[in-house]
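The values are calculated or read from the model by the stated rules, or taken from the named source; none is laboratory data. Please read all numbers here as calculations on a predicted model, not as lab measurements. Here the Cβ positions follow ideal geometry from the backbone for every residue, glycine too, while neighbour counts run over all protein chains shown.
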Amino acid sequence: MGYVIAMAGKGGTGKTTIAALIVRIIREKKLGSILTVDADPNSNFSDLLGLELKETVGQIIDDIAAHPEKVPSGMSKDRFIEYEIQTAIQEAEGFDLLVMGRPEGPGCYCYANNVLRNIMSKLIEDYDYVIIDNEAGLEHLSRRTTRSANALVVVSDATPVGLKAAFRISDLAKELKIDIKGEFLIVNRYDKNIDIEKLGKLKSNYLGNIPFDRQVEIKSLDGSSLMELDDNSISLRTLRKLGGKIWGCN
Ligand SMILES: Nc1ncnc2c1ncn2[C@@H]1O[C@H](COP(=O)(O)OP(=O)(O)OP(=O)(O)O)[C@@H](O)[C@H]1O
Ligand SMILES: [Mg+2]
């Protein structure tokens with residue numbers, strides 16, 4: 001059974017960046033097989049992982065809806081979609097990638113979500129770690145595409161507004177009874193001490209801060225992958241120290 005790490009947080013806080021750094025650290029620690037899942041329809045996880053964007057689950061669902069004749073006789077549509085999704089998983093060095101995208105076809109939203117959920121629960125069985133980069137906000141929680149996670153990593157900036165958004169994510173996950181074993185707050189791009197009172201009910205989830213990392217900024221401006229980020233960059237060094245609870249060991 002795979003250990004699921006899901007990212008959450010307000011827009012632009014650094015979810016995708018931190019997800020890519022987590023992939024690097026789990027890979028360097030050789031903790032097991034890794035499936036990365038880009039669940040943000042405006043996906044850029046693949047860029048940060050150094051992979052080309054290939055076929056998305058959304059495109060597969062749309063294509064089969066538009067061309068039902070492609071489903072081989074003797075195979076159910078769901079089984080065929082599952083097969084196509086398996087073949088859309090890209091293999092990279094030390095991890096695989098699945099990109100969800102978003103189906104554009106009319107009226108197939110619920111259907112697509114159901115397909116995604118079923119596929120995810122099967123894929124989770126096949127890997128040791130599944131790292132899901134989610135879109136900003138709460139949609140993935142309220143649509144319940146994040147149904148359960150061993151670690152929900154909430155990324156925030158240090159502002160009261162940012163932290164309030166982190167509170168809301170935490171509350172919603174509880175309200176929706178999403179099965180989350182551990183919830184962790186990271187304050188990104190900040191290297192001062194946080195007034196612990198400001199963290200309110202998130203105090204116990206707070207892992208620490210990741211400072212602004214000029215090397216991450218350079219990679220981002222170049223549009224290049226974080227798989228090439230210097231091993232000694234401040235963000236990687238800090239996350240290695242902070243993150244043991246996220247990946248379940250030190
Ligand atoms: N610690 C850091 N130091 C410097 N730059 C950073 C750091 N973390 C993230 N960034 C930069 O901040 C920007 C936003 O980061 P990222 O795309 O990871 O955020 P996000 O939360 O995934 O955004 P979105 O909500 O749009 O998906 C990027 O340009 C990224 O390079
Ligand atoms: Mg992102």
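For segment 9-61, the set of residues classified as under 30 Å from A165 (Cα atoms), crowded, with 16+ Cβ neighbours inside 10 Å and polar (S, T, N, Q) consists of T13, T16, T17, T36, S43, N44, S46, T56, listed by residue number. Filtering segment 39-62 to residues that are of a type in the set (G, A, S) and over 16 Å from V130 (Cα atoms) leaves S43, G50, G58.
For segment 142-172, name all the residues that are under 29 Å from E125 (Cα atoms) and part of a helix (DSSP H, G or I). Matches in segment 142-172: S142, I169, S170, D171, L172.
With of a type outside the set (K, R), more than 14 Å from the chain's Cα centre (by Cα) and within 16 Å of ligand 1 (Cβ to nearest atom) as the only criterion, which of L21, L31, L48, L53 stands out?
On the way: L21 fails: more than 14 Å from the chain's Cα centre (by Cα); L31 fails: within 16 Å of ligand 1 (Cβ to nearest atom); L48 fails: more than 14 Å from the chain's Cα centre (by Cα).
Checking each option against the conditions leaves just L53.
So, of the residues in segment 128-145 that are within 14 Å of ligand 1 (Cβ to nearest atom) and of a type outside the set (D, E), which turns out to be surrounded by the most Cβ atoms within 10 Å (Cβ to Cβ)? Only one residue fits best here, namely I131.
Every residue, every condition in (1) free of Cβ contacts under 8 Å to residues at least 24 places away in the same chain; (2) of a type in the set (A, V, I, L, M, F, W, C); (3) assigned to a loop (DSSP other than H, G, I, E, B), yes or no:
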residue	(1), (2), (3)
G182	no, no, no
L185	no, yes, no
S204	yes, no, no
L207	no, yes, no
V216	no, yes, no
L236	no, yes, no
K245	no, no, no
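Does any residue of segment 190-197 turn out to be within 25 Å of I234 (Cβ to Cβ), of a type in the set (F, W, Y) and part of a loop (DSSP other than H, G, I, E, B)? Scanning segment 190-197 turns up at least one residue that is within 25 Å of I234 (Cβ to Cβ), of a type in the set (F, W, Y) and part of a loop (DSSP other than H, G, I, E, B).
Being surrounded by 13 or more Cβ atoms within 10 Å (Cβ to Cβ), touching an Asp or Glu at 6+ places or on another chain (Cβ under 6 Å) and of a type in the set (S, T, Y) narrows it down to one residue among S156, S148; which is it?
Testing whether each residue is surrounded by 13 or more Cβ atoms within 10 Å (Cβ to Cβ), touching an Asp or Glu at 6+ places or on another chain (Cβ under 6 Å) and of a type in the set (S, T, Y) leaves just S148.
Segment 1-98 holds no strands (runs of 3 or more DSSP E) entirely within its bounds that carry 2 or more residues that are farther than 21 Å from R189 by Cα and of a type in the set (D, E).
Determine which member of the set R189, R214 is within 16 Å of ligand 2 (Cβ to nearest atom), among the basic types (K, R) and modelled with pLDDT of 90 or more. Selected residue: R189, the only one of R189, R214 that is within 16 Å of ligand 2 (Cβ to nearest atom), among the basic types (K, R) and modelled with pLDDT of 90 or more. Taken over segment 30-73, the residue count meeting the criterion of being more than 16 Å from ligand 2 (Cβ to nearest atom), of a type in the set (S, T, Y) and out of contact with any Asp or Glu (no Cβ under 6 Å at 6 or more places or on another chain) is 1.
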